[in-house]
Every structure is written in structure tokens, then in C-alpha cells.
Amino acid sequence: MRTFSRLRVLNLHGNANKKEKAPDGSEDRNVFDIRQGVAICLGVRIGATAIVEYADLWGSREYKYAWLGEHDANDNAFTLLNPDSPFYFLEPQNIDFRLEYDSGWKVTDIFPINGVGVVMARDSMTVDFDADALWKRVRDFASLDPEEARIKYGLGKDARDWRVATAQADVQASGPSKKKICPILYRPFDSRFTYYTGNSRGFYTSPCRKVMSNMVGEPNVGLAVSRSVEIGQFNHVFCTTGIIGHHSVSLKEVNYLCPLWLLVADDEPKSLLKGDGERRPNLAPPFLRSLASALSLETVGAYGLPAGLAPEEIFNYVYALLHSPVYRSRYAEFLKIDFPRVPLTGSPCLRRGCGAMSTADARRRQSAGK
């Protein structure tokens, strides 16, 4: 927009990866023999004012060819757009809902410690349904000559981020210890076991230790979510009590994990911990202050929680909201492009099944210090 004074975008669609259909449900085909959708963009460098216009062209390949042959750049099918920060969309957006949606809190700002799920370069080695079978395999793998292990377990050639010898050294340095075996959410409702050392480019390609170390050893819960949606509508939300893989919720989109509780880590500053020094909620203070203000409640305690609310109740509210059909429908076009945003509630009833709780009830709880 700083280079061209006028842009005209003709979206030819035809994205087979997204399984695009015309608005009326009829077939939509690409104008080329490729799977990625295409568009025509005409840019003019005359004048200083940026004008952006947009039009759609749906249908069969033959129809699109015919339409393109009969029209030129002066066709009046284009509508004016007003792209704005931060994404500068070159397609129409619902501005009213956009302002409403943007006022919410991004989940990664609510849970500041977050990251991509673990990346496993050799799933057949690192994951198993049976904890004992995995433990036996891990010990045997670590004891073998690298080439013998490669052949016995069909590990193939070494890659930049995963090498047999490095993976063996990682396991050996960790004990081996049966305590390193822990549950992993491999796919939705598909919990298995893995041997988690937490070291990069060892047994795992990327263990995301900063995040996943909070999900082993002590009870915890985490929100698994994707940053964007490539195919279909937003429904990529799950919760877990253990670590996750980077494709645990969706095989197409990369998954991120937001733990509710942060456990003690060897390199964590003690100033971040409270009282017994065991764990603290992974909830950003600015978010908690905003939530308390929306609820007309005070913030209390070392963590600054809204009076009368536990971290689990806030987590449950976020999780329930992201599954709301109304929420998903209203903000569908925005949920495809970034981490979901959470609007603040004005009702102090965040608990599941406590619909009778009123503001007066919350005030009494706050006065009682509960």
C-alpha cells in the first residue's frame, strides 16, 4: 500500500487444500493444475492515496476463463476495502465484529508461558500405548551400537535435528530412569506414553522444555490450541493433563500448549514463586486486573486473582467459551488467522453449573474473604 496508489485484487479461489466451495455450495475449481488458490493483483503507481479494491470469482475453470476473457480491469465488480493494522487484509472483513473481537484477550497473553507441542522425529521409537513396552525399548535402544539400533528399530538416516547417537546419549545421560516415562496427548482422546528428557535435539527434536516441564511430575492442566486454521472452521481446542505433540489436536495446524500452573524449575527465579515454592498460576497480572475490573471485584492474594475466583475457574471459563457455537460462529473469520481472543465476562459466575450465582453473592464471598 506504500508502493502502489491503487490495488485491485481479483480472488480466483480454487484452493483444493482448503476444499473451497462457491458460496452457493457449487463446485469451485482452480484455473491452473495446482492445489493452492490463486488471485490476480493489479497495482498502479500513480498518485499518493492508496485505494484497495476487491472482487471474487467462483465457479468452474471454464466459467472463470470465459469471465476473464469478457472483462477488463475497469469492470465495476470491485468493491472498496480499507485494510488496517495489524494484518492489512486484502479481502472483505466484518468490521463491527472485528472491533468487538479485538477487544478480547489473546489466549497467549492470558497464559504468558506457552509454546509449541513437542516435536518427535521418530514416533515409533518415542511413543507407545504401553509404558512397560516403551521402557524396555528405550533401555535397549540406549544400550546398542548406533548402527545396530538404527537397523533394529528401522530409524532410517540421521537428520539435522535427530541423530541416533545423539538420541542414545540423551537417554543415557538421563539415567535411564523409569520416572522419565509420562503420558502424552498424541491425538484427541488418544493418550499414550513417552520418555521425556526435556533436552533439545536428543530423544526429541524439540521438547519445548520451558512449557512441557510444567506438565510432568505434578498434577496440572493445559489448554491446547492452534494459532490459525488452514482447513475448515475453528474447532482446534482441547485440554490435557500431560504434555502434547505439535500435532495432537490437528494434523494440519501446529498446536500450542498453555499450562495453567507453572511448577518449580531448576533455573526459575525464586522471586516468581509464592509461599511454599511449589507452583504459581500461569495467568498474566494485566489480564487478571482487567477481569477483576469487568467483574467489579478486587484483586487479592499474592497472585492478584479476582476475589472469590480460583485459577481453575478462570481456565474453565476460557475453555468453555472457545467451545461455544455462538462464539465460533460470530468470530469465525477472525479465528482462522491468529490465536483466539477471549472477551471478558461481566458475570462473576465462571463455574460450571453455578448459574444462580449473582453479583451480590460474589460481593458476599469477597467480604468473607473466600
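Structural remarks
- Remark on Gly59: its backbone amide H falls under 5 Å from those of Arg29, a criterion applied only to residues 5 or more positions apart or on other chains, H modelled at 1.01 Å from N.
- Under 10 Å, Cβ to Cβ, from Arg8 - net charge with Lys/Arg +1 and Asp/Glu -1: -1
- Among His13, His236, the ranking by other beta carbons within 10 Å of each residue's beta carbon, starting with the fewest, stands as His13, His236.
- Relative contact order, percent, the stretch 164-230 [alpha-carbon distance under 8 Å, six or more residues apart]: 26 percent
- Cα centroid of the stretch 86-153 to Cα centroid of the stretch 1-28, whole Å: 31 Å
- For the peptides 301-310, 248-257, 46-55, residues were scored by their other Cβ atoms within 10 Å and the scores averaged per peptide; the highest-first order is 248-257, 301-310, 46-55.
- Ordering Asn11, Gly37, Pro92 by the projection of their Cα atoms onto the charge dipole of the stretch 6-92, which places +1 on the Cβ of Lys and Arg and -1 on the Cβ of Asp and Glu, puts Gly37 at the extreme positive end.
- Close amide H pairs (under 5 Å, H built 1.01 Å from N) link Phe89 with Asp84, residues at least 5 positions away or on another chain.
- Rounded to the nearest 20, the Cβ-based charge dipole of the stretch 28-132 about its Cα centre (Lys and Arg +1, Asp and Glu -1) stands at 360 debye.
- Peptides 60-73, 218-231 ranked from most to least packed by the mean count of surrounding Cβ atoms within 10 Å: 218-231, 60-73.
- Relative contact order (%) - the chain, alpha-carbon pairs under 8 angstrom, separation at least six: 15 percent
- Ascending count of other beta-carbon atoms within 10 Å, so fewest first, for Cys182, Cys258: Cys182, Cys258
- In order along the stretch 205-214, phi translates into HN-Hα couplings of 6, 9, x, 6, 4, 4, 9, 5, 5, 7 Hz, rounded to whole numbers, per the Karplus curve 6.51 cos²θ - 1.76 cosθ + 1.60 with θ = phi - 60° and x for Gly and Pro.
- Amide H to amide H distances under 5 Å link Gly115 with Leu257, where only residues 5 or more positions off or on other chains count and H is placed in the peptide plane.
- Neighbour-count order for Lys157, Lys18, Lys136, fewest beta carbons within 10 angstrom listed first: Lys157, Lys136, Lys18
- Straightening the chain between Glu70 and Asn235 buys 55.3 nm, computed as 0.36 nm per residue apart minus the Cα-Cα spacing.
- Residue-averaged 222 nm ellipticity for the chain, from DSSP H runs of 4+ at -39500 (n - 2.57), nearest 500: -7500 deg cm²/dmol
No lab work stands behind these numbers, since they all come straight from the coordinates. These numbers come from a predicted model, not from an experiment. As a convention, Cβ positions derive from the backbone with ideal geometry for all residues, glycine included, and neighbour counts pool all protein chains shown.
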